[in-house]
Amino acid sequence: MNSDPRKLPQVLYIADSDESRSLVRRLLAYRFVVLEAANPLDGLGLASETMPNLILLDNNLSHMTSSEAATRLRKMLPGTPIVVVSGDTKPGARERALAAGAVGFIPKPIGGDFEELVTEYLRGKADGLENAEEYLREYQLELAEKIEDQTRQLTNTVERNKYLLSQNQKMFAMLERRHKLLETAARVGQMVTSILDLNELLRHTVNIICSEFNFYYSGIFLISDDRKWAVLRAGYALAGRKMLDANYKLPIDEKSMIGRSILTQQAQIALDVAGEPSRFKNPYLPDTRSEMALPLIVNSISVGAVTVQSNELNAFNEEDITSLQAMADQIAIAINNANLMKDLESANAELLRTKTYEAIATATGEAIHWVGNKAAPIPGSVRRVREDVQYLLALAAQVKDSELDNASLAAAVQTVREEAQASGLDLEKVLAEMSAMKPNRLQALVSVESLMEDLDIAENSAKTILDIKEGLIGPARQRSDTPVSLREMIAGTVENMGLPHGAVEMTWSEDMPLAHVDARQVEQVFNNLIKNAWEALTNAKIAEPKIFVQGQQDGDSNFVLVSVKDNGPGIPKDIQEKIWVSFFTTKGGSGGTGLGLSAVMQIVNQHGGKIWLESEAGQGATFFVRLPAEKLYLPDENKSR
Amino acid sequence: MTTVLLVDDEKLIQRSLEKTLLRAGYDVLTAPDCKVGSEVFSQNAKTVDIAVLDLNMPGFDGVPKNDAGLDLLADLKQKRANLPVVILTAYDEVNKAKDAVSKGATAFFVKGREQGLVELIQKILGS
């Protein structure tokens, strides 16, 4: 016995069954190298790779019969003996195997002589076949049948594929439609959140329903306040417009699909309207062949209905109905939102009115307080001036004609005496009082300086009051916007303010556009800001007070940005908000009205601009003013002003 | 000679009142806020006979404050408990002024008719 496995003959056994293979392996392992393949295709591959000395072929194979496998192996490896191991007990099984190209046939069950039989075939034994031609022909017929069968199967597969393809196409079309429906529903959903105006939303919805689904008409009805009518609120195309113009409405009753859908809260569908004699025929929509009415339900209460109409029969499939109903639900939500918004708006308006009244009351109170305060010194000053004038007149009346240069002056003095007497002013008595006074007191009373000062007090108080008036009503005055060079305007303003030379440093970027503003009001703005900055610097006794004005185009070129910066003490965080409030002032005695920044902000806001402050303690304060650039305004828009 | 300490941050009001008081024959010391007012009083503690204080003006820290006059009132009262003090007020703040009186002010005066202040001071100091 040869024990070197490399020298043992190789036998390839092709069998599907694990049991068969393990049995053959055990029976042949001593004298052969057993190669195994679990199916004929693997077997064919393995055979061509290993070129075994003998091939054993199980008769019960997948994919092909053992005969076929034998034929193909024979063709591939003509010199290799092929033996069929078969459990096939039908007559002719052996012959068929031999006809297919096998040299031998070992019937199952295999036993102790198996090794012996294999060795014999390996040594060249070949079973004889009588009537070989007959079996061959039979085998060829079998093969032909098989090919035919396979052809049929292939044809069937092709047919089936065609069917599947068309199914897929249908599915695809359906998916596409569903996709579109979803997309449309999503669009409606999006609109629901983005369009707050209900009428616009409804109009968009009917347009989408018709254009995306190819329905020829869609309309949306909402229930009237008395809940008796379904009133058309949106309608597609010309028919829709005509119906809207005619204030089209339907009674909420069983007679119309709209009415029924509202009453039953169920979709009403007529796939062929001709078959519904009780259907209400709409004269505006004579071509309707199928129709659907979907209720709009909010919190389980009907608020209206959507009608969708087609000029084709059976225009609605399940899918359409489902997604249109989903869309109707979206619209219902939108209607609810719009109603809530309306409620909110009226509540808001109420609140705003209250707030406005409060603000007006406060502002009025403040204004009266300030005007009263500012007016306080006027009566005192006027009283003193009156006294002073009496004393001076008393003195003037004492001047003798002879001391005057000419007759007209003498006449004037005479007039003083006469008019004083006429108005009940006893100059003699005043003079007597004066004579009785101590000299220093008398001197104080006839001081021209004091007289002038009192006139100044009265004048300045009156001016402050006028400033308050200007601050209060200035921003409300009619605006007349024109293209304005802020550069020239601010330079002029600074010059007129008479600040020390070099106190204001201005830089302007080349691309700064003209502003489109009311020149007078905006000049006030910068006048105020620069004046404020200068006062802050003066009050803080800054050694080298400086104001930097800078102008440039603001980002997107629709605005001009001007900043006014000072090197003063800055504005503390806790009052940065308060500075914009009317009548808030830190200026104490320096005569500020406390309306400056409030009026400034109002003016800037009314121009559609913005003003803000940036300030860190000790780092100065910078006011930024953004105003519309000139090119924002087209001639058209000027009409509204 | 009677000396009046007048503290008010409104320049025009202060000057006008000062002139009225001067004409009425008083010596007048002025200050624009609590801090300076307190200092001026301390420097002239022996001569000041009566203080006239505005209600709303910069406080001891120089920052404008409602009712800062009450702070100065307390300060002056601490320095001299029997100092007569008149609180100046706008017409619409009379309640606050009355409050000031309950806190130790001798009287309040509503800004406007300045001669009235002279009469009030005469009345306070005469009694």
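Throughout, read-outs are computed from the coordinates displayed, never taken from laboratory work. In this text the structure is predicted, and so the values were computed from the model without any measurement. Reconstructed Cβ throughout: ideal geometry from the backbone, glycine too, with neighbour counts over all protein chains shown.
Between the C-alpha center of region A:420-494 and that of region A:263-334 there is a gap of 81 Å. Ranked for footprinting exposure by Cβ neighbours inside 10 Å, fewest first, A:Leu98, A:Leu561 give A:Leu561, A:Leu98. Compared with the rule-of-thumb size 2.2 N^0.38 Å for a compact globular protein, the protein assembly as shown has a Cα radius of gyration ratio of 2.02.
In terms of packing, defined here as the mean over residues of other Cβ atoms within 10 angstrom, the peptides A:500-511, A:265-276 line up highest first as A:265-276, A:500-511.
In order along region A:239-249, the Karplus-derived 3J(HN,Hα) couplings, from 6.51 cos²θ - 1.76 cosθ + 1.60 at θ = phi - 60°, round to 4, x, 5, 4, 5, 5, 4, 8, 6, 4, 8 Hz, and Gly and Pro are given as x. Computed over chain B, the per-residue total of -39500 (n - 2.57) for DSSP H runs of n ≥ 4 gives a 222 nm mean residue ellipticity of -13500 deg cm²/dmol, rounded to 500. By the count of neighbouring beta-carbon atoms within 10 Å, fewest first, A:Asp456, A:Asp388 end up ordered A:Asp456, A:Asp388. Label-to-label distance, A:Gln553 versus A:Ser408, with points set 7 angstrom from Cα along the beta-carbon direction: 6.6 nm.
Run the dipole for chain A about the Cα centre, Lys and Arg Cβ at +1, Asp and Glu Cβ at -1, nothing else charged, and hand back the magnitude in debye, nearest 20.
840 debye
Under the convention that each Lys and Arg Cβ holds +1 and each Asp and Glu Cβ holds -1, the size of the dipole of region A:370-515 around its Cα centre is about 580 debye.
Inter-chain Cβ neighbour count for B:3-16, averaged per residue, equals 5 (cutoff 10 Å, partner chain atoms only). By how many degrees, 0 to 90 and rounded to 10, does the Cα axis of helix A:318-375 deviate from the longest principal axis of chain A? It works out to around 20 degrees.
Calculated mean residue ellipticity at 222 nm for chain A: -17500 deg cm²/dmol, from DSSP H runs with n ≥ 4 weighted as -39500 (n - 2.57), summed, divided by the residue count and rounded to 500. Relative to the globular-protein estimate of 2.2 N^0.38 Å, the Cα radius of gyration of region B:3-121 stands at 0.93.
Separation of region B:96-127 and region A:71-145 by C-alpha centroid, Å? The distance from the Cα centre of region B:96-127 to that of region A:71-145 comes to 141 Å. Spin-label model, A:Gln443/A:Thr322: points 7 Å from Cα along the beta carbon direction are separated by 11.0 nm.
Projecting the Cα positions of A:Gly570, A:Tyr139, A:His369 onto the charge dipole of the protein assembly as shown (unit charges on Cβ atoms of Lys, Arg, Asp and Glu, taken about the Cα centre) puts A:His369 furthest along the positive direction.
Go through A:597-610, A:413-426 and give me the packing order, highest mean Cβ count within 10 Å leading. All intermediate terms of the calculation are to be shown ahead of the outcome.
Values: A:597-610: 20.2, A:413-426: 12.8.
Taking the mean over residues of other Cβ atoms within 10 Å, the ranking is A:597-610, A:413-426.
Shielding value for A:441-454 is 1, the average number of Cβ atoms from other chains within 10 Å of each residue's Cβ. Entry note, chain A: relative contact order of 6 percent, from Cα contacts under 8 Å with a spacing of 6+ residues. In region A:468-574, the inverse of the mean reciprocal separation of distinct Cα atoms equals 15.0 Å; this is its Kirkwood hydrodynamic radius. For the set B:Lys46/B:Lys79; A:Lys374/B:Lys11; A:Lys463/B:Lys35; A:Lys374/A:Lys463, the pairs lying more than 18 angstrom apart at their alpha carbons are A:Lys463/B:Lys35. Note on B:17-28: average number of Cβ atoms from other chains within 10 Å of each residue's Cβ is 3.
Put a plus charge on the Cβ of each Lys and Arg, a minus charge on the Cβ of each Asp and Glu, and nothing anywhere else: the dipole of chain B about its Cα centre is then about 340 debye. Near A:Leu136, once Lys and Arg are set to +1 and Asp and Glu to -1 for all other residues with Cβ below 11 Å from its Cβ, the sum equals -3. Within region A:5-130, the ratio Rg/Rh, alpha carbon atoms throughout and Rh by Kirkwood, equals 0.92.
When the charge dipole of region A:181-342 is built from unit charges on Cβ atoms (+1 for Lys and Arg, -1 for Asp and Glu) and taken about the Cα centre, the candidate among A:Leu198, A:Ile209, A:Leu324 whose Cα reaches farthest toward its positive end is A:Leu198.
Dipole orientation for the protein assembly as shown: of the candidates A:Ala97, A:Ile258, A:Pro439, A:Ile258 has the Cα lying most toward the positive pole (charges on Cβ; Lys, Arg +1; Asp, Glu -1). Take every Cα pair under 8 Å whose residues are at least 6 apart in sequence, average their separation, divide by the length of region A:214-371, and the relative contact order is 19 percent.
For region A:181-342, the Kirkwood estimate of the hydrodynamic radius, built from every pair of different alpha carbons, is 15.4 Å. Rounded, prolate or oblate, given the Cα gyration tensor of region B:49-117, with a/c below 1.5 counting as rounded? Cα axes put region B:49-117 in the oblate bin. For the pair A:Asn348 and A:Met171, a Förster radius of 45 Å applied to the C-beta separation gives a FRET efficiency near 0.30, rounded to the nearest 0.05.
Can you give the alpha-carbon Rg of region A:377-468 over 2.2 N^0.38 Å, where N counts its residues?
1.28
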